Amino acid sequence: MVWVEVFYLQLFPYHFTVYAMQVRNSGPSKTYQKRKRGRPPHLRHPLGVLRNIIGKTQQEFALLLGDYSHHTIEAIERGALELSEQLAQEISNKTNINVGWLLRGDPRALPVDTRNRPYTRKTFELARVREHPAPGGGLTLQELLHWAADKHCRRVLGIIASAVEKGTADLCDYRLTEALDNLEKRFGCDLHPTSQRGLIAMLMRSQIGPKPCKANSKAKKKQEF
């Protein structure tokens with residue numbers, strides 16, 4: 001609301017007219033204040049709260065589930081699509097989140113895991129470890145390196161090869177170095193030469209592949225004659 005007041009001053013031999021303007025309620029409107037106090041769109045559904053805890057985008061979360069698109073995730077978080085019991089159970093299997101907490105649909109409720117304990121990012125990481133367990137104790141260094149070469153190193157080589165084909169090798173190298181630096185800060189790094197030589201040997205064997213058996217080689221010789 002704007003108030004305008006007019007004052008007349010008479011100072012002989014001149015007359016002055018003074019206009020004074022006062023602006024009230026210059027702050028944000030009530031509609032804006034209500035909108036500002038509301039929850040962000042991605043936190044209006046428990047699914048968005050879960051994503052925020054584990055640090056996943058809608059696209060990354062869809063990839064985690066496998067059979068769903070990010071459009072489905074976005075529609076559920078907006079309230080345009082109801083979260084089914086089947087999808088809630090699949091999300092629980094992947095993240096260890098409580099199914100009941102998801103289905104109740106209250107984003108203000110405390111997130112809990114399947115044992116009703118407070119849910120954190122560490123809960124999610126432990127759930128992923130259980131789904132893809134590392135080999136237990138008692139393994140030799142050779143067996144451990146074989147597991148690492150088969151599970152991680154070949155995958156990294158495939159990512160680098162794909163980046164080279166797409167012309168993004170420099171960006172891939174930057175991202176990979178950044179990720180490895182973060183992992184090294186958290187878990188350390190064993191630079192023992194025996195470990196490195198054994199790992200390189202494992203990688204070379206995995207790339208070369210198995211040798212043909214004697215029976216196959218004899219059959220090829222007979223075909224040549």
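The values are calculated or read from the model by the stated rules, or taken from the named source; none is laboratory data. Quick caveat, the model's predicted, so the values are computed rather than measured. Here the Cβ is made from the backbone with ideal geometry for all residues, glycine too, and neighbour counts use every protein chain on show.
If you go through the stretch 60-88 and keep only what is among the polar types (S, T, N, Q) and surrounded by 13 or more Cβ atoms within 10 Å (Cβ to Cβ), you end up with Ser69, Thr72. Checked against (1) more than 30 Å from Thr123 (Cβ to Cβ); (2) at pLDDT 90 or above; (3) of a type in the set (Ser, Thr, Tyr), Thr72 passes all but condition (1).
Considering Leu157, Leu180, Leu145, Leu141, the condition of being modelled with pLDDT of 60 or more, in contact with a Gly (Cβ under 6 Å, 6 or more places away or on another chain) and surrounded by 10 or more Cβ atoms within 10 Å (Cβ to Cβ) is satisfied by Leu145 alone.
Within the stretch 53-76, track down each residue that is under 22 Å from Pro118 (Cβ atoms) and not basic (Lys, Arg). If the condition is that a residue be under 22 Å from Pro118 (Cβ atoms) and not basic (Lys, Arg), then Ile53, Ile54, Gly55, Phe61, Leu64 are the ones that fit.
Note on the stretch 113-128: residues that are within 14 Å of the chain's Cα centre (by Cα) and at pLDDT below 90 total 2. Within the stretch 116-129, the set of residues being without any contact (Cβ under 8 Å) to a residue 60 or more places away in the chain, out of contact with any helix residue (DSSP H, G or I) (no Cβ under 6 Å at 6 or more places or on another chain) and closer than 26 Å to Glu82 by Cβ comprises Asn116, Thr123.
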